[in-house]
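What follows is a set of notes on a single structure, which appears directly below.
Where a number appears in this text, it was derived from the coordinates with a stated rule and is not lab data. Nothing here was measured: the structure is a model prediction, and the numbers come from that model. Because the Cβ atoms are built from the backbone with ideal geometry, glycine has one as well, and the counts that use them run over all protein chains shown.
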Amino acid sequence: MTSVLEAPLNPAASPEPASRPSARTIPGVARFQDWHPDGTTVLSIVVGLTFLIPNQLTIASLGGLGRPELLLSIALMGWWGVTKLVPSLTVRGNQPIRWLLAVYFCSFGVSYVAGHARGLTPAEASSADRFFIFLIGATAIALVVADGIPTRARLDTFLSRLTYFGAYLGITGSLQFLFNFDITDKLNIPFLSLNNELYGVQQRSTLNRVSGTSTHPIEYGAVLAMCLMVAIHFVVTTDDPKQKQKRMMVAGLIALPGAFSVSRTNALSVVIGLSILAIVWSARYRFYAFLAGCAGVVALQVLAPGLLATIRALFLYAGQDPSISGRRKDYDDAFTFIGERPILGRGSGTFIPEEYFILDNQWLGELITKGYVGLFILGLMFAVPAMMTRIMRTSVRSYGALHLTQTVLAVVAIAAFASATFDSFYYVQFRMVWFVMIGVAGTMWRLHKAGTLEDLTHVSPEELALVDKKLHRKAADIPA
């Protein structure tokens, strides 16, 4: 008998028996060997937890830091760090989003030190530490989206799932508004308990004002407006009739419930977003959008008589709205604090209602807590993704890629506007969606530089001509 040590070294001398299958021919094993880990699945879980579970449900022993998606996103920061050490586990490429997030993180650190230097109350110090952890989680989400989604197909899958979660959010709010059925107070999730009072169903005028699983109706309206832009992107760019009907249904489940927040933020956000998207639409799609808007108005009038009149009154009589006058007074008081520490601010996360008052303006909040330096960097958080989309637009050939860049630009504009109507970064769902879209801009940039953002083999001359027309360029303006 020949021992193992005596076996010939040349594999060809002792061929593998024909009856023994290779590992790569075994179903499942081959798929496993060809599989490379990416962040799409785990990111979908994190975003799903954010939408499915009300913000007030946390692990009791951890308080406000016990949100499941927050704990998972912090773990993602460790995962992202490991991928930077193991090249085979990550997707490499030019990525300005990393630098943007690094600058934002450093601005927080400088402001954090400046706040402790002036001396913080125990409540301020606790809030600053808590906000620091929130920022780690949000930064991790943006980094994993930017570096962990390897292909355009996986990016589309992730964004599609985001619209489904948005539809779920819209359904929960619809149940609250139309039937007074609040699913949030009926969720019984193991290991989670209420850390704060649920918003539930409140009243504005004679109508229910709802928030779904969001913390507040303004957040609810802003998040749905951002998700709606992504849902509309899939409606416009999907060719298959059955899939288009499905996408239209998802968009409707997001669009109509946004009005149930009974807020100016949602109405203006939708107008801003649609105005930006309409720039790259054909006349046919603009007409379809007009018809869809008319159908939506009729549906709202049938489902909730008086809702449209109430929303119209929010704008016509804004000067008599106590919430508006209260904000104006708060803004006057806020500039007193700004004048005391104008450069680096009072310290990130320290301007809390328990010590001061509710500000309802993220831009002004950044100016108070981080000074003019922090305000400038907050502007970069909106400007840089917007500039990236504008740069990518110059050389895209397919309409799908063009519309995706415009969609990201629309979400950026909505986020910038909505941040002027409430302290947006303190709200879980808004912060999640916004940092996700920052990461999406990074993914698109990386794919664009690698030449894989769009499938050029399926671009017809008619489609390319439409893209050229919308970008006001000649065919010779882009490389062959």
Thr206 paired with Lys84, simple spin-label distance in nm, labels 7 Å along Cα-to-beta-carbon: 5.9
Length added when fully stretched, Arg397-Ala75, from 0.36 nm per residue minus Cα-Cα: 112.1 nm
Contour minus Cα-Cα distance for Leu52 and Thr157 (0.36 nm per residue): 35.9 nm
Sequence ranges 160-171, 334-345, ranked by mean other-Cβ count within 10 angstrom, highest first: 160-171, 334-345
Cβ-derived FRET efficiency at R0 22 Å, Asp333 paired with Arg118, nearest 0.05: 0.75
Pairwise centroid distance, computed over Cα atoms, of the range 364-426 with the range 448-475, Å: 24
Per-residue Cβ neighbour rank within 10 angstrom, fewest leading, Lys244, Lys370, Lys469: Lys469, Lys244, Lys370
Difference of contour (0.36 nm per residue) and Cα-Cα distance, Thr41 to Phe357: 109.8 nm
Modelled FRET efficiency - R0 41 Å, Trp99 with Ile183, Cβ distances, 0.05 increments: 0.50
Distance between the range 236-260 and the range 326-341 - C-alpha centres, whole angstrom: 42
Inter-label distance for Val297 and Asp468, nm, one decimal - labels placed 7 Å from Cα along Cα-to-Cβ: 3.8
Radius, Kirkwood style, for the chain when every pair of distinct Cα atoms is counted (Å): 24.4
Residues Val408, Val113, Val459, sorted so that the one with the fewest Cβ neighbours within 10 Å comes first: Val113, Val459, Val408
Acute angle (nearest 10 degrees) that the helix 264-277 long axis makes with the longest principal axis of the chain, alpha-carbon atoms: 40
Environment charge of Gly371, counting only residues whose C-beta is closer than 11 Å and scoring Lys/Arg +1, Asp/Glu -1: +1
Long-range amide H partners of Phe422 with built H, under 5 Å: Gln362
Simple spin-label estimate for Ser323 and Arg286 in nanometres, 7 Å along Cα-Cβ: 3.3
Degrees, to the nearest 10: 40-52 long Cα axis against longest axis of the chain: 30
Cα long-axis angle, helix 307-316 against the chain (0 to 90 degrees, to the nearest 10): 70
Amide proton proximity set for Arg209, modelled H, under 5 Å, gap of 5+: Gln202, Gln203, Arg204
Equivalent ellipsoid, the range 220-372 (semi-axes from 5 times Cα gyration tensor eigenvalues, Å): 38, 20, 13
Interchain or long-range residues, amide H under 5 Å from Leu57's placed H: Asn195
Sorted peptide list for 235-242, 71-78, criterion being average Cβ within 10 angstrom, highest first: 71-78, 235-242
